[in-house]
Amino acid sequence: MSRSTLSLERIEELAGIRGYITSLPGTGGKIKEREENFEVREIVNIKTRENGRYLIIKVRKKNWDTLNFARVLSNILHISRRRIEFAGTKDKKALTVQYFSISKPDEKIVERLSGLKIKDADVEIVGYSDRPVKLGDLTGNEFRIVIDDVDSTSSIEEIKEELQSKGIPNFFGLQRFGTMRLITHEVGRHIIKRDYEEAFWTYVAKPSELEEDDLRKIRETLWNERDPTVGIREMPKFLVYERSLLQKLIETGSELKALLSLPKNLKLMFVHAYQSYLFNHLLSSRIEEFGSLREVETGDWADYRKNENGFVLNREEFSRVTEFNIRRVSFLLQNGFAFLSLPLPGYETRPEGWHGEKLAELLESEGVRLEDFRGEYPEFSSRGAYRVAEIPFDFENLKIDISESKLIFEFFLPKGCFATSFLREFMKSEYPYFLQKD
């Protein structure tokens, strides 16, 4: 199958995303035609001062994904990649503003940063802090997104009203799964099952119909032969992590040791991607069966709304719905003050009620048990958590500029929520936005 014939619906199904919660036809259209048409700005809670153990920088960049930028920055500064931390990952096909921290800054690092020139990136020194930038520092992101080549704008207001009534599905977006191959969750599944050899080769070599023909053929050869020397010889130099893993395999003779050599953020990503895949499946099933995210049953879980510095967020204080509180939770849910929550499965997850039944069926089909999430290594292990099934959202601050063939959306989303998941309900496009040549 050529890339041009792939529908977005089919691709989303590979990540566990099925259907829509709204019933009306969408606008159609395309996003990410240009980096400038997809702007993302981090809203962070970082207190800086004139000195400290960490240097805080703000980076405005385009055509850079976060992990690759951190890797290149560490090389330029001649420091370990582990000394650079950030609050969240950002897409490559976007114009983004995000914050990084650098540990143990000295005069040489400050001097190099002051005169730094990186293509398509501007670096600004913000100040110092006594702690690094972490996920908890991220409040959320502000977006300005242009949708080009729209087919119709007639249903926008009705879709908006339906989302206000039913809730916005909080799917993990495709970028969570490695976008161009959608195999990150498969690597996670193999890791959970302790099949490190298969995890290694899936990450490095499993071919995908989403990639360009030349690269797919290289992966097909490597996938079949599983000879690391072939991979080192044939793989393009821009596939940095794949080549690094192959080199480690040659040096150690162990797929597990090679995987453990990856940066911590990347190792954590595999199991998290698999949890995200399972969550998407549960959310898809919930929408199919209930048609809304504003209904709860005993055994469900819920989280609650809060307003912070003018932004609508969820408290991350998840509680079980019981026969004693269900009326109160239902009232709060219907009025947008509470949010249905679903599990990100782990070894401490206690399945019950609707999600317990669905999760049991799903895990059986996957050949996985909850206790399998108690891994041999911290980065390959997870106790589990909950995530709101509905995106906390302030419709009063949603701006939509409508023209003949273009739409401009401006909005805020809490951390962990994906703009593409929000926009898909409005667009319902079949255009695979990420299959673009850089």
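The values are calculated or read from the model by the stated rules, or taken from the named source; none is laboratory data. Since we're looking at a predicted model, the values are computed, not measured. Glycine also receives a Cβ, built like all others from the backbone with ideal geometry; neighbour counts cover every protein chain displayed. SASA here: full protein model, heavy atoms, side chains in, ligands and nucleic acids out. Shrake-Rupley method; radii C 1.70, N 1.55, O 1.52, S 1.80 Å.
Couple of notes before you dig in:
- Other residues lying with their Cβ under 13 Å from the Cβ of Ile46 contribute a combined charge of +1, Lys and Arg counting +1, Asp and Glu -1.
- Virtual spin-label span in nm between His78 and Glu161, 7 Å along Cα→Cβ: 6.5 nm
- Of Leu259, Leu215, Leu55, the one that fluctuates the most in a GNM where the chain has Cα springs shorter than 10 Å: Leu215
- Of Lys58/Lys90; Lys58/Lys306; Lys134/Lys267; Lys47/Lys104, those spanning more than 20 Å from alpha-carbon to alpha-carbon: Lys58/Lys306
- The chain - percent of accessible surface contributed by carbon and sulfur, probe 1.4 Å: 45 percent
- Förster-model FRET efficiency, 51 Å R0, Ser154 and Val126, C-beta, rounded to 0.05: 0.70
- Formal net charge of residues neighbouring Leu332 (Cβ-Cβ distance under 14 Å; K, R +1; D, E -1): +1
- The eigenvalues of the Cα gyration tensor, multiplied by 5 and square-rooted, give region 214-341 an equivalent ellipsoid with semi-axes of 47, 17, 14 Å from largest to smallest.
- Residue of Glu13, Glu157, Glu50 that the Gaussian network model of the chain assigns the largest fluctuation, springs spanning Cα pairs under 10 Å: Glu50
- Potential lengthening of the chain between Glu371 and Lys237 amounts to 44.4 nm, from the contour at 0.36 nm per residue minus the alpha-carbon distance.
- Inter-label distance, nm, simple model (7 Å from Cα along the C-beta direction), Leu260/Phe324: 4.7 nm
- Region 192-225: trypsin sites (Lys or Arg not before Pro) in DSSP coil with no more than 16 other Cβ atoms inside 10 Å: Lys193, Arg194
- Two-decimal ratio, region 150-212, of alpha-carbon radius of gyration to 2.2 N^0.38 Å: 1.73
- Summed over the residues of region 321-438 and divided among them, the accessible surface reaches 48 Å² per residue at a probe radius of 1.4 Å.
- GluC sites (Glu not before Pro) within region 295-390, DSSP loop, no more than 11 other Cβ atoms inside 10 Å: Glu317, Glu323, Glu376
- Dipole-positive endmost among Thr96, Leu55, Ser421 within the chain (Cβ charges, Cα centre): Leu55
- Considering only Ile11, Ser165, Phe270, and ranking their Cα positions along the charge dipole of the chain that arises from unit charges at the beta-carbon of Lys, Arg, Asp and Glu, the one farthest toward the positive end is Phe270.
- Rg/Rh (Cα only; Kirkwood hydrodynamic radius) as it applies to region 96-222: 1.07
- Highest GNM mean-square fluctuation among Gly291, Gly253, Gly29, for the chain modelled with Cα contacts below 10 Å: Gly253.
- Projected label points at Glu364 and Asp401, each 7 Å from Cα along the beta carbon direction, are separated by 5.4 nanometres.
- Too-long pairs where the Cα-Cα distance tops 25 Å, listed order kept, from Lys93/Lys428; Lys108/Lys257; Lys32/Lys217; Lys32/Lys61: Lys108/Lys257; Lys32/Lys217
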